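This report refers to the structure that appears directly beneath it.
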Amino acid sequence: MRPCSEGLDISRETELCERHVGKYPVISLSLKDVEGGDFETACDSLGMLVSAEATRFAFLKESDRLQEEDKARFRQLMAGDFERAAFLYGSLKLLSRLLSEHYGRRVVILIDEYDVPLDKAYQRGYYAQMVDLIRSFLSQALKTNERLDFAVLTGCLRIAMSSCGRHGESIFKGLNNFKVRFISDGQCAEYFGFTDGEVKEMLRYYGVEDRFSDVKDWYDGYRFRSVDVYCPWDVINQCDLLRMSKDAPIKGCSYETALGEQQQ
């Protein structure tokens, strides 16, 4: 099986890849669909999400490194049997422990769109209940979890240490030692968009490198600290047009409009 990093720049970091690539059990969740017209429905959607992630590791049912009691609890995870709220709240921590015991090393947890359930709950009137759920769900998994190596949490709302403010800030008062990265951080600025070099390489791949100056004029519109970056969505869509016609105009219009012009 080819490693997922093959062909990427990171694959050139051979020592780093040998030490880390494919070495960790990884739990990956996107909370973008955790919502509902009421709190109970939102809880059910979170439970279904955890159940689906647990099912990826169905082999744990046969692991000779787990006790029978743990296997029974894992089957509950897979079945989405969350009648007791406390079981749902601690489900992510439980899954990380079982994976750690099976593999003999700590796990990585990736959570995307952590703030969507909170935003939906705020709009639909059960925000306080959702804050309690997400706070406990994340706190048990991310704080004092000896089976955790590291976690990455992404979303639009700012992660803050205080309990003041609306939305995401209040859920993290039980957590600490976050490293928060913003678009204004010089250390990570180049990762919030495409750089000159990346755009040139993309255009070269499609054989339209001579259009670089045009693309730069229209889409090199962001500057984070000392780094100039391009909007990835605009560049990708423009490359799609240039792929079909090397003479495609660059007008800064929407992709649908530009595509319509090309089809006429």
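Note down the nm distance, to one decimal, between modelled labels 7 Å out along Cα→Cβ at ARG84 and at ARG225. Result: 4.7 nm between the two label points. Computed 3J(HN,Hα) for the stretch 18-25, one whole-Hz value per residue from the Karplus formula 6.51 cos²θ - 1.76 cosθ + 1.60 where θ = phi - 60°, is 5, 7, 10, 5, x, 9, 10, x, glycine and proline marked x. Distance between the pseudo-spin-label points of LYS61 and ARG19 (7 Å out from Cα toward the beta carbon): 3.9 nm. Amide H contacts for SER30 (H built 1.01 Å from N in the peptide plane; partners 5 or more residues away or on another chain; cut-off under 5 Å): ASP112. Protection proxy ranking, highest mean first, for peptides 198-207, 9-18: 198-207, 9-18, where packing is the per-residue count of other beta-carbon atoms within 10 Å, averaged.
The GLU201 and SER45 beta-carbon pair, evaluated with R₀ = 45 Å, returns a calculated FRET efficiency of approximately 0.70.
Counting only lysines at least 8 places from LYS93 when in the same chain, those with an alpha carbon closer than 29 Å to its own are LYS23, LYS32, LYS61, LYS71, LYS120, LYS143, LYS173, LYS179. Of all lysines in the structure, those lying under 23 Å Cα to Cα from LYS200, and not within fewer than 8 positions of it along the same chain, are LYS216, LYS246, LYS251. Which percent of the accessible area of the stretch 61-167 is formed by carbon and sulfur heavy atoms (probe 1.4 angstrom)? Carbon and sulfur atoms account for 45 percent of the accessible area of the stretch 61-167. Taking θ as phi - 60° and the Karplus parameters 6.51, -1.76 and 1.60, the scalar couplings of the stretch 104-117 work out to x, 7, 6, 9, 10, 10, 10, 10, 9, 6, 4, 8, 4, x Hz in sequence order, x denoting glycine and proline. Spin-label pair ASP33-CYS156: with each label point 7 Å from Cα along the Cα-Cβ axis, the two points sit 2.0 nm from one another.
With Cα atoms defining each centre, the stretch 27-64 and the stretch 131-146 are spaced 15 Å apart in the structure. What the Cβ-Cβ distance of LYS143 and GLU101 gives, at R0 = 22 Å and to the nearest 0.05, is a FRET efficiency of 0.65. Given +1 at the Cβ of Lys and Arg, -1 at the Cβ of Asp and Glu and no other charges, the dipole of the stretch 58-158 around its Cα centre is 160 debye to the nearest 20.
The values are calculated or read from the model by the stated rules, or taken from the named source; none is laboratory data. Everything quoted here is computed from the prediction, not taken from an experiment. Note that we place each Cβ from the backbone using ideal geometry, even for glycine, and neighbour counts take in every protein chain shown. For the accessible areas, the whole protein counts, side chains as well, though only heavy atoms, and no ligand, DNA or RNA atoms are used. Shrake-Rupley method; radii C 1.70, N 1.55, O 1.52, S 1.80 Å.
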